[in-house]
Amino acid sequence: MKTLYEKEKKLNEVLEKLNLLNPQTPDLRETIANLDYQKNQLEIEKKDLETRYKNLLKEHHQLKVKLEELNKRRVIENKKELEFSEKIDELNQETDTLLEEVDKWQM
């Protein structure tokens, strides 16, 4: 986009200088008209690029929010998985204890 701004600035400077001249010759008028047309085209391109840039920023923000949400879900799922594993370990310990008690009673 830097080049676009530079081109636009140079064209504006040239147009200002040309407007100071007396455009009597047809070649000079044609050159001015051509430069003016190029300036308009650059302005159209600039607006298009700015619109696309804004859309990309918006899309980037949306993706960033989704990624943060997914990361939060992943952390929650990991926490739940850890808690579940701890509960299973507790149940295994209780089962072992109960089996030991049953063995004692059977003797």
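The values are calculated or read from the model by the stated rules, or taken from the named source; none is laboratory data. Since this is a predicted model, take the numbers as computed values, not measurements. We place every Cβ from the backbone using ideal geometry, glycine too, and count neighbours over all the protein chains shown.
Does Arg73 satisfy the criteria of being at pLDDT below 95 and part of a helix (DSSP H, G or I)? Talk me through it step by step, then tell me what you get.
Working: at pLDDT below 95: no; part of a helix (DSSP H, G or I): yes.
Judged against the criteria, Arg73 is not a match.
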Practice prompt. Could you please find all residues in region 20-58 being more than 21 Å from Thr3 (Cβ to Cβ) and surrounded by 11 or more Cβ atoms within 10 Å (Cβ to Cβ)?
Written response: Pro23, Leu28, Arg29, Glu30, Thr31, Ile32, Ala33
